[in-house]
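**Q** Provided herewith is a single structure, encoded as structure tokens, for subsequent inquiry.
The values are calculated or read from the model by the stated rules, or taken from the named source; none is laboratory data. Keep in mind the model is a prediction, meaning the values are calculated, not measured. A quick note on method: Cβ atoms are made from the backbone with ideal geometry, for glycine too, and the neighbour counts reach across all protein chains shown. SASA here: full protein model, heavy atoms, side chains in, ligands and nucleic acids out. Shrake-Rupley method; radii C 1.70, N 1.55, O 1.52, S 1.80 Å.
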Amino acid sequence: GAWREATLGLDFGPPRARVVVNEVLANAIGAEPSQEWVELVNVGAEAVELSGWTIADGSTRQSLPGLVVPPRGFVVIAGDAATFATGAVVVVAPGGEIGNGLGNTGDLLRLAAPDGTVVDEVSWGDSTRIFDPPPMAAGAGQTLGVRDAAAEPASENWAVTLRPTPGEAN
């Protein structure tokens, strides 16, 4: 498929750099932030174990649970009230929320390897801490998704998705 064609022949760097942020639901409809979620994707050719990795918003960092993400596999880190119609692999964020809740009008999300190396990060809306200018904030119930997860991080690689796609390509 298109995903496989887009990833063949590319060098994704060291194994720690192969899991990236793929999609963010920061503005959930309902009982947010317990319904927010972040999707990660392994764009590499080898499985990655997430034990010791951290995810952070603009103010709070959390450790991810031990979970193996297979090559080209997805995992969703979600609030404890998030529900999914798809067969997505879902892990509830420590404390039931991602960070202190993702900001609807702007925030940042940072993924770091066990050694503290920032592997991927994105800011959106009124937060210019990562990208300046940042991609626009998604509306209620919409997600912000990366167009090409294997591409170099850039504001223009992010856009509001046509529909949320937890557990699958945007």
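**Q** Could you provide, to the nearest whole Å², the per residue accessible area of the stretch 74-148 with probe 1.4 Å?
**A** Heavy-atom accessible area per residue stands at 44 Å².
**Q** Another question about this same structure. Quick check: Cα centre of the stretch 106-170 to Cα centre of the stretch 32-52, how many Å?
**A** Between the Cα centres of the stretch 106-170 and the stretch 32-52 lies a distance of 13 Å.
**Q** Please list the non-local residues whose amide H lies under 5 Å from the amide H of Asp107, H modeled 1.01 Å from N, same-chain partners needing a gap of 5 or more.
**A** It is Trp124, Asp126, Ser127, by chain and number.
**Q** Hey, another quick one. Using only the Cα atoms, what convex hull volume per residue in Å³ does the stretch 27-91 have?
**A** Here the figure is 97 Å³ per residue.
**Q** Still on this model: I'd like the Karplus ³J(HN,Hα) series for the stretch 77-84: coefficients 6.51, -1.76, 1.60, θ = phi - 60°, whole numbers in Hz, and an x wherever there's a Gly or Pro.
**A** Karplus values, whole Hz, x for Gly and Pro: 9, 9, x, 6, 10, 6, 10, 9.
**Q** Can I ask one more? Can you list residues from other chains, or at least 5 along the same chain, whose modelled amide H is less than 5 Å from the amide H of Asn22?
**A** Hits under the 5 Å cutoff: Glu39, Leu40, Val41.
**Q** What percentage of the solvent-accessible surface of the chain, computed with a 1.4 Å probe over protein heavy atoms, is contributed by carbon and sulfur atoms?
**A** 51
**Q** With n ≥ 4 as the cut-off for DSSP H runs, can you work out [θ] at 222 nm for the chain, using -39500 (n - 2.57) per run divided by the number of residues, rounded to the nearest 500?
**A** -1000 deg cm²/dmol
**Q** Compute the normalised compactness of the stretch 112-170: alpha-carbon radius of gyration over 2.2 N^0.38 Å, N being the residue count.
**A** Dividing the Cα radius of gyration by 2.2 N^0.38 Å gives 1.18.
**Q** Follow-up question, since we're still on this one. Which number comes out as Rg/Rh for the stretch 19-168 once both Rg and the Kirkwood Rh are worked out on C-alpha atoms?
**A** Looking at the stretch 19-168, the ratio lands at 0.92.
**Q** What relative contact order, as a whole-number percentage, does the stretch 53-170 give when Cα pairs under 8 Å and 6 or more residues apart are counted?
**A** Reported relative contact order: 22 percent.
**Q** Set the Förster radius R0 to 30 Å, insert the Cβ-Cβ distance between Ala169 and Val118 as r into 1/(1 + (r/R0)^6), and round the FRET efficiency to 0.05.
**A** Taking R0 as 30 Å, the efficiency between Ala169 and Val118 is 0.80.
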